[in-house]
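Following: one structure in structure tokens, then a few remarks.
The values are calculated or read from the model by the stated rules, or taken from the named source; none is laboratory data. On a predicted model such as this, the values are computed, not experimentally measured, just so you know. Cβ placement follows ideal geometry from the backbone for every residue including glycine, while neighbour counts extend to all protein chains displayed. Remember, those area values only see protein heavy atoms, side chains included, never the ligands or the DNA or RNA. Shrake-Rupley method; radii C 1.70, N 1.55, O 1.52, S 1.80 Å.
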Amino acid sequence: MKKLFFLLFGLFLSCPVFSQTTYYYPPGYFGLYNNQSTSARAQGMGFTTLTRAGIENSFYNPAAIGSSKAPIQAYANYANGHSYRPNSRYYFVGGAVRLKEKISVGLSYFNYQNPDPVWTTIIGGGTFDTDFFSQRAISILAAYELMEGLQVGLSANMMQENAVNGEKTNSDFIPSLGAQYQKGVKFFKSEKIRNQQFFGALSLSNFLFNGETNQEYQDWMSISYLPIILRLGTGYSFQLPLSSGLTSGKAYFRDGAQAVDLRLDLQFQDYLPGGPENNTDHELSTAFGVGAEAWFFERLAFRIGYFTEKGPSGIQSDGDIWVTGNRAGFSWGYGTLIPTYQLTDGKMPFDIEVNLVTGKQITSLNEEIYTHPSLFADDTFQFAFGLNLLWR
């Protein structure tokens, strides 16, 4: 491939004489687990998905479909870009229904695509050029309200990787467990601080601790780490009164609360030990995110967050230098709720929530020790779009 030739040529010119640069590939299904989120809203808040309600967050916590108050959930999300896989694209669609007062079920599809990839695929001792690389997860979900405010969820995730020109090379079944808890609190006694809520959540992906995935193509095979992921999260929200003559009585803002709703979320992620003998992949990909959100008059939202994920560092035992390291940086986003139910006098039985991320990517490229090829440095723009139908 032409891109690969120029990339390797650039690496050769940039390398020290007695060392080789190394770009880190995370373990199994990295495109789904380590890159962009299924939720533009959460991505703008430092990837804090765990305590959030709705099908859009169910890949990280299956209990999320039970926390939504909507009788029907429908969501679609698109994101693009990656530090050193610049053609990456991420697609997510999902829906859920409330069967009974305490039971919800859902179905989702998450797809990572990398057309015309920069890198070759290495399986066992074989190296294969490819024009299309993809990974996907089809998830069947169920959630149950165990007690007031406490949702528990279970998901069955059918994973597949097509690493050489769209041909299947991996296939795995990964079950996940999760819980979300919400409770009204009064951390602050002021009458102006209303509707205070506390959120707590946890999930365990791959709770059967099957830590190996077999990658096979033709007569080649390799065994790698299948992530076992623990996530913990907490959040706090409250409402402050706010009025404005610019919005009062306007059709778009009618029936919206004359207030600003504020929320803060924290999330921790850790890969647990497992997989092939002497595997150390679990020592990386530990992550932390924090995010804040403000909804004005229940119509306009602004978000900011910070995210950091542990990557490789230093010089390897064979003298190779890691030129990717920790993934860290700020994220931001914005959104709006379009009151289509109100604007159409109930003819459309749902409102539409639109969320966007537009800004610089959170990158893992280590530019202090290495000048990367322009193929990686030119496109640093991050775009994500989420569309949520909120049924009445």
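Structure summary
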| quantity | calculated |
| --- | --- |
| The chain: angle of helix 2-14 to the longest principal axis, Cα-based, in degrees nearest 10 | 70 |
| Square roots of 5 times each gyration tensor eigenvalue, C-alpha, the range 148-278, largest first, Å | 46, 20, 11 |
| For the chain, calculated [θ]222 nm from helices alone, where every DSSP H run of n ≥ 4 adds -39500 (n - 2.57) | -2000 deg cm²/dmol |
| Extension gain from R392 to L375, taking 0.36 nm per residue of separation minus the Cα-Cα distance | 1.5 nm |
| Amide H partners (placed H, <5 Å) of N366, local residues excluded | T324, G325 |
| Estimated vicinal HN-Hα couplings, Hz - the range 151-158 in sequence order (Karplus 6.51, -1.76, 1.60; Gly, Pro = x) | 10, 10, x, 9, 10, 10, 10, 9 |
| The chain, accessible surface, carbon-and-sulfur percent (1.4 angstrom probe) | 60 |
| Principal semi-axes in Å for the chain [√(5λ), Cα gyration tensor, largest first] | 39, 23, 20 |
| Backbone N within the range 354-392 under 14 Å of label point (7 Å from Y252 Cα along the Cβ vector) | 354 |
| Shape call, the range 221-274: gyration tensor on alpha carbons, a/c limit 1.5 | prolate |
| Mean separation of Cα contacts under 8 Å (6+ apart) over length of the range 263-314, as relative contact order % | 35 |
| As computed over the range 317-392, the Cα convex hull volume per residue (Å³) | 133 |
| T38, T363, T371, ranked by accessible area, largest first (probe 1.4 Å) | T371, T363, T38 |
| Environment charge at N35 (Cβ cut-off 11 Å; Lys +1, Arg +1, Asp -1, Glu -1) | +2 |
| Heavy atoms of K360 accessible to a 1.4 Å probe, total area in Å² rounded to 10 | 140 |
| Probe 1.4 Å, all protein chains present, accessible-area order of I122, I229, largest first | I122, I229 |
| Over 19 Å (Cα to Cα) - which of K168/K310; K100/K183; K69/K347; K69/K102 fall in this group | K168/K310; K100/K183; K69/K347 |
| Accessible surface, per residue, of the chain when the full set of protein chains is kept, probe 1.4 Å, Å² | 46 |
| Backbone HN-Hα couplings from phi across the range 354-359 [Karplus 6.51/-1.76/1.60, Hz, Gly and Pro as x] | 10, 10, 9, 10, 9, x |
